[in-house]
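Student: Got a structure for you, written out below as structure tokens; questions coming shortly.
The values are calculated or read from the model by the stated rules, or taken from the named source; none is laboratory data. Every value quoted in this text rests on a predicted model; they were computed, and no experiment measured them. Glycine gets a Cβ as well: all are built from the backbone with ideal geometry, and neighbour counts include every protein chain shown. Side chains are part of the model used for accessible areas, which takes the heavy atoms of the whole protein and leaves out ligands, DNA and RNA. Shrake-Rupley method; radii C 1.70, N 1.55, O 1.52, S 1.80 Å.
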Amino acid sequence: MGEKTVKLYFTSDVHGCFSPMSWAGRNQENMGLLHCAGQFHKDENTLILDGGDALQGSPFTAYCHDCEKSPLPVAHLMNLCGYDYVTLGNHDFNFGVSYLTRYIDGLQADCLCENLVRQDGTAAYPGKIRVMGNGIRIGIVGIVTDYINIWEKPEHLEGYQVTDPFTAARRALEALKGRVDLTVCIYHGGFERDLDTGRRLSSTTEDIGYRICQELDFDILLTGHQHMSVSGREVWGTFTVQPSENAREFHEITVSFGEKVKITSEKRMAAGAAPAELARAIESWNAPLQKWLDTPVGSLERPLLPDTRLNMASRGSEIAAFFNQVQLDFSGAQLSATSLANEISGIPQSVRRRDVLTTYPYQNTLKVLEITGAVLREALEHSAAYFALDRDGTLRISEAFLKPKVEHYNYDYFAGVTYTVDPARPVGSRVVTLMREGQPVRPDQVLTICVSDYRASGAGGYEMYAQCRVLREYDREMSDIIMEYFEAHKTIPPLGPPNYSVITGNLEAHSAD
């Protein structure tokens, strides 16, 4: 018998980016699922797979939720791309299980999520065995990060529980052994290690991809969630990949079955013509989407523009200061903390809905916590760990915020206090001054702070917040609160100077991110 071959196409973290226009409302190259799908060549020996996070994260998905009140446009477009199997990502739960279930029911693809468990203890979406046209049997399992339990509101998981993904993957693999020719795990999670050296890069228990490779023996592990591009490689005998976010790329994996099983892959960028039916479907949504995005919401006396990541963190960001101003006004808290997404476009002088959604893309709500001065200092110290110094004293971004995944969004900007950070001091003791209303903040001083629900959960290294008393919580999304702020204040004047300083000596910060 001659050699048999199967092919897998894999995407992840599409976040509703079906075309450049559906993401930012303006043309951008090298992104959009329609430019990936045009390169999918499907036959009876091919599978198209996705690693989750389809329902949230772009203006198009916000439009579907707010205006259509339905995830079915996303499901329809996924169907036109020809997907066979998808797993779920943490952001797919942002609008609740009912919304998610409607999406799954609208898919022609099978959903696989072994560790999403019903109240009776059974997997909601167990693994499958697929017999290809050439007789090759493929066992496919999906799992998702269990940090959903930390990040999501309990009501968004009503009737379900997200259990330990590693345990679920191991159990599913054991059930497949001896029954298939190839085992595939789709994991919405990533790696806590440097894949070249094995060096641990973080202490998180969330991203267990390396452990899966080391302790289990799946043939292929397809990962996502971290938004980092990992070209095909073997890790402890398991072949693994990860595509970057927003359908900028996909991986084409070829598995040849001869005397030995041979697995190779190619990373392909989003490019070229889209399938005609998919292009027509996306275009049918474009006019109402653009009209909705172009709705004026207010104005600024001058635009709020982004700078390099390092310059904004070290010298202050008017965008972050504005978000903090909105949070303080809305919540009535004494303090506020906010962050900026990894990619932001800034807010022009004449502000439309699209400008808010592309600069504050999170689906965050807000909470007001009761904290002490000691907790505040601990949170500030975590943000101050964002900085590092080269041997010549030049300021740069710490590797801890760049590897294994880029986490600019875990640097927080604070309002309601003034403070000074000295990156030359050891991590954990860099905040050299901390004042409120002209007085030093005492460790036992009780304060209120407004933060996102994500940050209030302790996510991003801010575990100090998780045990703090919640005084108030709001169901409104921050993007809606920002637009209401514009409506109430009409034209917003320039913001004041930064309320903090980072000591950089006589040397400039690197200008590159």
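Student: Take region 231-245 and flag every residue that is at pLDDT below 95 and either in contact with a helix residue (DSSP H, G or I) (Cβ under 8 Å, 6 or more places away or on another chain) or in a strand (DSSP E or B) (or both).
Tutor: none
Student: Moving on. So which residues in region 440-465 are under 20 Å from the mean Cα position of the chain (by Cα) and open to solvent by 40 Å² or more (accessible area, probe 1.4 Å)?
Tutor: Answer for region 440-465, where residues must be under 20 Å from the mean Cα position of the chain (by Cα) and open to solvent by 40 Å² or more (accessible area, probe 1.4 Å): Tyr454, Glu463.
Student: Given the conditions (1) of a type in the set (Gly, Ala, Ser); (2) at positive phi; (3) surrounded by fewer than 18 Cβ atoms within 10 Å (Cβ to Cβ), report the number of the one that Ala287 does not fulfil.
Tutor: (2)
Student: How many residues, within region 255-285, are out of contact with any Asp or Glu (no Cβ under 8 Å at 6 or more places or on another chain) and polar (S, T, N, Q)?
Tutor: Qualifying residue count for the region: 2.
Student: Look through region 320-376, keep the residues that are of a type in the set (Ser, Thr, Tyr) and in a helix (DSSP H, G or I), and return whichever of them is nearest to Tyr474 (Cα to Cα).
Tutor: Ser331
Student: Of the residues Gly159, Gly127, Gly139, which is more than 30 Å from Ser284 (Cα to Cα), touching a helix residue (DSSP H, G or I) at 6+ places or on another chain (Cβ under 7 Å) and crowded, with 23+ Cβ neighbours inside 10 Å?
Tutor: Gly127
Student: Just to check your reading of the model, which residue among Thr197, Thr254 is surrounded by fewer than 24 Cβ atoms within 10 Å (Cβ to Cβ), more than 22 Å from the chain's Cα centre (by Cα) and either within 22 Å of Leu88 (Cα to Cα) or without any contact (Cβ under 8 Å) to a residue 60 or more places away in the chain (or both)?
Tutor: Thr197
Student: Restricting to region 143-156, and then to whatever is free of Cβ contacts under 8 Å to residues at least 60 places away in the same chain and crowded, with 17+ Cβ neighbours inside 10 Å, can you tell me which residue is nearest to Ser12 (Cα to Cα)?
Tutor: If we take residues in region 143-156 being free of Cβ contacts under 8 Å to residues at least 60 places away in the same chain and crowded, with 17+ Cβ neighbours inside 10 Å, then Ile143 is nearest to Ser12 (Cα to Cα).
Student: Next question. Filter region 477-513 for residues that are at pLDDT 85 or above and charged (D, E, K, R); which is farthest from the chain's Cα centre (by Cα)?
Tutor: The extreme case among them is Glu487.
Student: Here are the criteria: (1) small (Gly, Ala, Ser); (2) more than 30 Å from Ser452 (Cα to Cα); (3) in contact (Cβ under 8 Å) with a residue 40 or more places away in the chain; (4) surrounded by fewer than 20 Cβ atoms within 10 Å (Cβ to Cβ). Tell me which single one Ala169 does not satisfy.
Tutor: For Ala169, the exception is condition (4).
The rows are residues; the columns are (1) on the phi > 0 side of the Ramachandran plot; (2) out of contact with any Leu (no Cβ under 7 Å at 6 or more places or on another chain); (3) in a loop (DSSP other than H, G, I, E, B).
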position	(1), (2), (3)
His225	yes, yes, yes
Ala247	yes, no, yes
Val255	no, no, no
Ala281	no, no, no
Lys291	no, yes, no
Val297	no, yes, no
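Student: Where in region 69-137 are the strands (runs of 3 or more DSSP E), entirely inside, with at least 2 residues that are out of contact with any Leu (no Cβ under 6 Å at 6 or more places or on another chain), aliphatic (A, V, I, L, M) and over 30 Å from Lys4 (Cα atoms)?
Tutor: Counting at least 2 such residues, we get 113-118.
Student: Could you list, in sequence order, all residues of region 384-423 that are within 23 Å of Phe322 (Cβ to Cβ) and free of Cβ contacts under 8 Å to residues at least 40 places away in the same chain?
Tutor: Phe401
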